[in-house]
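A short worksheet on the structure shown next.
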Amino acid sequence: MLELHVWGPAFGLASIDAECLATIAYLAQTTPRADYILIQSSPSAVPTHHLPALHDQSTDIWITSFPSITTYLSSHSPTPQTSRSLRADATAYTSFLTLHASPLLALSLYVSSANWATATRPAYSAILPLPLPWTEPPAMRAAMAARAAHLGLSSLDTDTEAEKNLAAEKADAAAGWVQIPPSLRSVIRPRPGVAASLTPEQAARIKLERLVGDVLDVLAEIEWDVPDKQTLALRCLAFAHLALMLLPRLPRPWLREVMTSGRYGGLVDFVHTAQREWFGGDAKLLPWMHPKAASSLGEIVGRFAHGLAQDIPLVGEELRRWWALRRRRGVRTATDAEAEESLTVEEKAAAEMDRRKRESVASRNGGWVQGAGIALLAAVNAGMFFYKGVNGESFWRSAAPFGELVQVWRPPPSTLAGFGAAGAMFSGMLMGEVD
């Protein structure tokens, strides 16, 4: 039995991630449904710390990433023979999709604040069990933003821009500079022009259309409706990227608008045809394992504790690396299986004893980690319950649900002391003391 761990369904597709969606499409066409199950997961739940991850229960081997999984499956199941030139083209187009199409998806679904808050973040909240939506979606967004950083379109992330402006204002205030009250800024500043009324996506529309056109023009040259002219793996990977460009309903659908402009009708038809033929039009028909059966409460709490620990300044990154290395020590990969074939009987017995000893130690340590995670979660909940905001309400009553469109922040009452040295002087004269 094969277990495929992937990010869960979203936007009417089998997965919210392009690489996971491509792997599901490949497995659905090469393996009988009775021989595999799909497990809705996240990187923190698998020892490889990367999705997609394939676990072969018959050999206890873990394989991760789309190219490695397709290579493993093709070597263990009959697949159509392809020519050397076809395989070379597939390698080139696979690299093209990874280097050029994936950053566009990162811009659309993760960097764009409007799309992230309205569609992507709520999708992750529906996929992940509580309390993981507090830790894993922000980490995923940061990783995707880094993937698209070279495109120079960080202005789509208005959340980060607002944080930078706020940090600059706080630095000026700490340096003693006089701050203009927000109520007076609209009077002092000149009247905004047309550019100020544009959304970040509208302001960068020309550059976005050029980037999307460069990718789609190349993909439109391929006859996707003729399966014999491409490898199955390439068709699945192209479908995954194009489907996530076309099908999600977003408030800023610049990717979808370019695809449906009339120039790329062949790509649009390919997505709809593949979605209908490969999945029957409904991703729920695939052999999914129930999420509650895939992870226990202790595992979820442990994953949440690790997510919080990774945000600790200075030591968080080192802790993440240590935990990833620790989890991978007990993982048996396809390379390990090939190396074991050359061992003698005595060497295999010694290796098996060493593996069982490591698993015993990991099991004991896992109990401590889960216990610490439960204690940390209880402390966080207690702090949020007893903490009173500026309006006197507890955190749980005042916090907005995940993906809420409207977020309200109430600043503390301002005094004259907040306007630098001159304000502090007048505050002392009028109120009798300096705040």
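The values are calculated or read from the model by the stated rules, or taken from the named source; none is laboratory data. As the structure is a computational prediction, the values presented were derived from the model and not from experiment. Note that each Cβ is placed from the backbone with ideal geometry, even for glycine, and that neighbours are counted across all protein chains shown. Ligands, DNA and RNA are excluded from the accessible area calculation, which covers all protein heavy atoms including side chains. Shrake-Rupley method; radii C 1.70, N 1.55, O 1.52, S 1.80 Å.
Nearest 0.05, what FRET efficiency do Arg210 and Ala349 give at R0 = 56 Å with Cβ-Cβ as r?
Details: r = 62 Å, r/R0 = 1.10.
So the FRET efficiency works out to roughly 0.35.
Net charge near Phe96, counting Lys/Arg +1 and Asp/Glu -1 over other residues with Cβ under 11 Å of its Cβ? Display every interim value, and only then the final one.
Details: positive: none; negative: Asp89, Asp214.
That works out to -2.
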> Hey, what's segment 1-146 come to in accessible area per residue, 1.4 Å probe, Å²?
Replying inline: 36
> In whole Å, how far is the Cα centre of segment 83-124 from that of segment 1-17?
Replying inline: 16
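When ranked by the protection proxy of mean other Cβ atoms within 10 Å per residue, highest first, what sequence do the peptides 92-98, 126-132 form?
On the way: 92-98: 15.7, 126-132: 18.1.
Those peptides, ordered most packed to least, come out 126-132, 92-98.
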> Rounded to the nearest 10 Å², what accessible area does His306 show when all protein chains are kept and the probe is 1.4 Å?
Replying inline: 30
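Ordering Lys284, Lys229, Lys207 from largest to smallest accessible area (1.4 angstrom probe), what's the sequence?
Working: Lys284 170, Lys229 105, Lys207 70 Å².
Accessible-area ranking of Lys284, Lys229, Lys207, largest first: Lys284, Lys229, Lys207.
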>> Can you give me the long-range amide H partners of Tyr36? Hydrogens built in the peptide plane at 1.01 Å from N, cutoff under 5 Å, separation of 5 or more residues or another chain.
In response: Leu2
>> Can you report the principal axis dimensions of segment 26-139 using only the alpha carbons, biggest first, rounded to whole angstrom?
In response: 45, 34, 22
> What residues have an amide H closer than 5 Å to that of Ile16, excluding those fewer than 5 places away on the same chain, when H is modeled at 1.01 Å from N in the peptide plane?
Replying inline: Gly8, Ala10
>> If I ignore ligands, DNA and RNA and count only protein heavy atoms, how much of Thr91 is accessible to a 1.4 Å probe, in Å² to the nearest 10?
In response: 90
> How big is the accessible area of Met353 in square angstrom, nearest 10, if you roll a 1.4 angstrom probe over the protein chains?
Replying inline: 140
> Mind ordering 239-246, 217-224 by average Cβ neighbours within 10 Å, highest first?
Replying inline: 239-246, 217-224
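Tally Lys/Arg at +1 and Asp/Glu at -1 over every other residue whose Cβ is under 14 Å from the Cβ of Leu4; what's the total?
Working: positive: Arg33; negative: Glu3, Asp17, Glu19, Asp35, Asp56.
Here the count lands on -4.
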